[in-house]
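Read through the structure below, which is laid out as structure tokens, and then see the notes.
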Amino acid sequence: MTNTVVIGAGLSGLVAAIRLARGGRTVTLLTKGLGGLQLSQGTIDVLGYAPERVDAPIDAIASLPATHPYRVLGPAAIAAGIAYAQELLGDRLVGNADRNVLLPTAVGALRPTCLVPPSMTAGVVTGGIRYVLVGFRQLKDFYPKLCAGNLERQTTPAGDPITARGIILDLPAIEDMADSSALAYARALDDPSYRAKLAAALKPLLQDGEVVGLPAILGHRDAGAHRHLEELLEHAVFEVPLPPPGVPGIRLNEALTALAKQAGVRIVAGAKVVGFESAGGKVISVGQATAGRIRQYAADAFVYAPGGFESGALTMDSYGTVTETIFGLPLHGLGPDLVTAGDPSDQALFRVGVGVDASMRVVDPAGHIPYSNLYAAGGILAGATRWTEKSGEGIALASAVAAADSILKGA
Amino acid sequence: MFEPDSYEHDLLNRASLDHCVKCTICETQCPVAAVTPLFSGPKYVGPQAERFRHGASVDYSLDYCSSCGICTNVCPQGVHIAELNSVARAAMKKDHMPLRDQLISRTTFMGMAMTPVAPIANAVLKFKPARIAVEKVVGIHRDAAMPTAHTQTLVGWLRGRTAPKPGSRGKLIFFHGCAQNYFEVETGVKTIEVLEHLGFEVIVPKQGCCGLPLQSNGIFDTARVWVRKLVAQLREAPRDLPIISCSTSCGGMLKHEANEILGVKDADLLEVGGRMRDICEFLLEMYDNGELDTSDWLENELTVPYHAPCQLRGQNIGTPAVQLLELVPGITVVESGAYCCGIAGTYGLKKEKYEVAMKVGKPVFDKIVAVNEGIAACDSETCRWQIEQATSVPTVHPIAFIHQAMGLSKLPVTTGS
């Protein structure tokens, strides 16, 4: 019988569900659709900008405003979240919570991130690196010459020049296909014979010492595809994440979903949570709009990890009123001038969200606890602009682990 | 094209498509687009093409959509992609509906025609030259899975037995669907016996076809007539009782598809849909409420490969059969890990879709072949036929294992094949 309900199947929802189930709780995870994880880059960002570029993410947390989720969580909780991701995902992630690396994006910017799949590590920018970016005529999401040109306009953090050039191959994922998606290539590259075909076309074009950047298509399910291609090409190879849905995010989502199922989490997908029942200062059940009816799921603890505006968990109407759509929770960060004509990437609106205490229990702006068994995690939390800070995965992990641990301890 | 004020027109033009943020999650999960370039995927033929349709079709690859509904199930924005595409396909086929699609969508006629001559009908369906002729004339693929007819229907079985004592737990209504009546009588019998064993009195009102095969083939007008008739029949029984179904797709038709695809908004339909429960959903909910005593269930040391049908996923109830089967001492469930077996109702029967359907189902077949210990489980009847045909592994409804655990049938469970 279920005693814990998790709402949301993104990084925070999946991780909280796994930790709770492994900790002995019986967990039902309710989700409207597939979580947002597969729209991610497949890396774990902890803190990339605060607001200047960050090299040591945990050290930089002290400089964040007191309302930031990281300040509520504290450095130990952040480290615990990252350690748990490493424990769950093992050799799927490489890196160190104390240090960021810089990776080329699909347009040739340098993006700070923390933990990366092994298939991306060769791309970490270092002095003297010589990139060759490889695209495909049939893959419309990656323009290697644009990427290379932009990389050459920059330097490494130490001020060394970056060398890069672009190559375009004429090689569809499937014979005669005019327009192949990244996933079609990834599925093709699960087949060693297609890797051999790619290597045969590419190897003669490479120069000694070049590091080969391919779009992130090196295998959907075959984790050995990247290593095999490196062997065939006799060059270091790295993946450049593409616009969503990125294959690295798909791999991460599938790995965590499988772990959740192994842990015994019941996943009920495909319908929105549309309401709840409460009594005595507690949430008693939440109602999911299953086919034909609203099904109530009762539990003694609830983890609310639905994401923010992007998922519709937070909305703003045409009068500027911001609402949390399931529980009607009081929001933090409200005020005049939520949207101004200033920097579009830095708006007060983005920091509006649900507030929590250090146990991740939901609190209102006056510090009162509306429901003693309701915990929040991930993108719904107030105080962060995840996409400009590059902090989304770190917040999701730390808050999910903290919320799960509070429930497991019987907080 | 549909009339300007029709439901189809409204849905085609309005629907939920403005919620689509083009994240392409549906594209990545579509089991058909993964195996054939003939189908460009749910987003391209759906929310994308929709803006150009204006009532008429602009992308004929839409015909390769199997209507499995996975796109709607995975959409994080709540777009009714599959529903949108089902309606658009009906519009596309409206003026030139193939005879084949008219035939295979009338399950009751097939059942009524085959039952009196079951041995002959079964022999004919297994006779290759006859199947080649059928493929050439009608367009049903020669190797596609066909149901096995029985000389006795479920209704016949009910008529011929002694009525059980009134239940200690009250009454339930059983919706058998066409398959349980004509082709999967044993599944229907076992479902009724399990419910009676639990102390329920099972009422089986007279009932016809829900119209789902007509709907999925785009024959909407007749489908609406049939589903309305069925709703009226089910409402002949007491109207405060849950309705239990062991036919996944037909239960889903009454729960949501008649409403969301055919646009039948009758209060009667919504009322019946709200009472409809899949048998495993019902039993697991009983267990969750502490009402299902499993302490005397018999042990069955067995690894069971299980495939959750696409049409079950569409009901947003999770995979209750997995949790239910694992309540049987000794049973370990291994899920197929794939969304669809390819048959998708009648899709995989069609000559031009057969190869695609078999490719869609390949991961399911491979998993079942790899882990089975002589038997597999799946909730939906057409999926079971498809899986058995492709793997030669006897495949039963999960209720068969519960029936066995309750001591109502002998070990091991087999389909007799």
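Readers should treat all values here as calculations from the given coordinates under stated rules, not as data from a laboratory. From a predicted model like this one, the values you see are computed outputs, not experimental measurements. Because the Cβ atoms are built from the backbone with ideal geometry, glycine has one as well, and the counts that use them run over all protein chains shown.
Between A:SER399, A:SER311, A:SER40, where does the largest GNM mean-square fluctuation fall for chain A, given springs only between Cα atoms within less than 10 Å? Looking only at A:SER399, A:SER311, A:SER40, the largest GNM fluctuation is found for A:SER311. A Förster radius of 51 Å, combined with the Cβ-Cβ distance separating B:ARG142 from A:THR388, puts the computed FRET efficiency at roughly 0.30. For chain A, the extents of the C-alpha atoms along the principal axes are 72, 43, 40 Å, listed from largest to smallest. For segment B:11-93, the relative contact order is 39 percent, taking Cα pairs closer than 8 Å that sit 6 or more residues apart in sequence and dividing their mean separation by the residue count. The distance linking segment B:218-236 with segment A:109-163 is 60 Å (Cα centroid to Cα centroid, whole angstrom).
Computed over chain A, relative contact order equals 24 percent, with contacts defined as Cα pairs under 8 Å that lie 6+ residues apart.
About the Cα centre, and with charges only on the beta carbon of Lys, Arg (+1) and Asp, Glu (-1), how big is the dipole of segment A:106-240? Nearest 20 debye, please.
280
Write down, largest first, the equivalent ellipsoid semi-axes of chain B in whole Å, where each equals the square root of 5 times an eigenvalue of the alpha-carbon gyration tensor.
Working: eigenvalues 215, 114, 100 Å².
Square roots of five times the eigenvalues give 33, 24, 22 Å.
Taking chain B as a Gaussian network of alpha-carbon nodes connected by springs under 10 Å, the highest mean-square fluctuation of the residues B:LEU158, B:LEU298, B:LEU312 belongs to B:LEU158.
Where nothing but the Cβ of Lys and Arg (+1) and of Asp and Glu (-1) is charged, how large is the charge dipole of chain B around its Cα centre, in debye to the nearest 20? Dipole about the Cα centre, nearest 20: 1240 debye. A straight line joining the Cα centroids of segment B:285-301 and segment A:226-302 runs 29 Å.
When the GluC sites (Glu not before Pro) in segment A:213-309 are filtered for DSSP coil states and for at most 12 other beta-carbon atoms within 10 Å of their beta-carbon, the remaining sites are A:GLU234. Computed extension length for A:SER63-A:ASP176: 35.3 nm, one decimal, from 0.36 nm per residue of separation with the Cα-Cα distance subtracted. Annotation note: chymotrypsin sites (Phe, Trp or Tyr not before Pro) in segment A:294-367 located in DSSP loop regions with a Cβ neighbour count of at most 16 within 10 Å are A:TYR319. Computed on the Cα atoms alone, the convex hull of the protein assembly as shown gives a volume of 169 cubic angstrom per residue.
For chain B, averaging the sequence separation of C-alpha pairs within contact (under 8 Å, six or more residues apart) and dividing by the residue count gives a relative contact order of 15 percent. Taking amide H as placed 1.01 Å from N in the peptide plane, B:ARG277 has its amide H under 5 Å from the amide H of B:ILE243, B:ILE244, B:SER245, each at least 5 places away in sequence or on another chain. Sorting B:325-338, A:128-141 by average packing, meaning the other beta carbons within 10 Å per residue, from highest down gives A:128-141, B:325-338.
Here the simple spin-label model places points 7 Å from the Cα toward Cβ, and for A:ILE294 and B:ILE120 these points are separated by 5.6 nm. Remark: segment B:304-313, residue by residue, has Karplus-estimated 3J(HN,Hα) of 10, x, 10, 10, 7, x, 4, 6, 6, 4 Hz, where x stands for each Gly or Pro and the curve is 6.51 cos²θ - 1.76 cosθ + 1.60 at θ = phi - 60°. Mind checking which of B:PRO309, B:PRO37, B:PRO363 has the largest fluctuation in a GNM of chain B, springs on alpha carbons under 10 Å? Result: B:PRO37 has the largest fluctuation of those listed. Calculated FRET efficiency, A:ARG221 to A:HIS368, Cβ-Cβ distance, R0 = 41 Å: about 0.30 to the nearest 0.05.
Most simply put, chain B has about 5% antiparallel DSSP beta bridges, counting only bridges with both residues inside it. Rounded, prolate or oblate: which fits segment B:11-93 when a ≥ b ≥ c are the square roots of the eigenvalues of the alpha-carbon gyration tensor, with rounded for a/c under 1.5 and prolate only if a/b beats b/c? Here segment B:11-93 falls in the oblate category. Straight-line cross-link partners of B:LYS367 among the lysines, defined as a Cα under 20 Å from its Cα and at least 8 positions apart when in the same chain: A:LYS261, B:LYS359. Inter-label distance, B:HIS96 to B:HIS19: 3.5 nm, where each label sits 7 Å from its Cα along the C-beta direction.
Its Cα gyration tensor gives segment B:293-405 an equivalent ellipsoid, and the semi-axes of that ellipsoid, as √(5λ) in whole Å with the largest first, are 26, 14, 11. Residues whose amide H falls under 5 Å from that of A:GLY275, counting only those 5 or more places apart or on a different chain, are A:GLY287, with hydrogens built in the peptide plane. Quick check: Cα centre of segment B:325-376 to Cα centre of segment A:59-82, how many Å? Computed from Cα coordinates, the inter-centre distance equals 46 Å. Label zone of A:VAL274 (point 7 Å out along Cα→Cβ, amide N under 14 Å): in segment A:287-322 this covers A:287-297.
Name the shape class, rounded, prolate or oblate, that the alpha-carbon gyration tensor gives for segment A:15-77, where a ≥ b ≥ c are the square roots of its eigenvalues, rounded holds for a/c under 1.5, and otherwise prolate holds if a/b is larger than b/c and oblate otherwise. It comes out prolate by the Cα gyration axes.
The modelled label-to-label distance between A:GLU231 and A:ALA258, using points 7 Å beyond Cα along the C-beta direction, is 2.0 nm. Partners of B:LYS171 within straight-line reach, counting lysines whose Cα lies under 26 Å from its Cα and excluding those fewer than 8 residues away in the same chain: B:LYS190, B:LYS206, B:LYS229, B:LYS255.
Projecting the Cα positions of A:THR113, A:LEU169, A:LEU133 onto the charge dipole of the protein assembly as shown (unit charges on Cβ atoms of Lys, Arg, Asp and Glu, taken about the Cα centre) puts A:LEU169 furthest along the positive direction.
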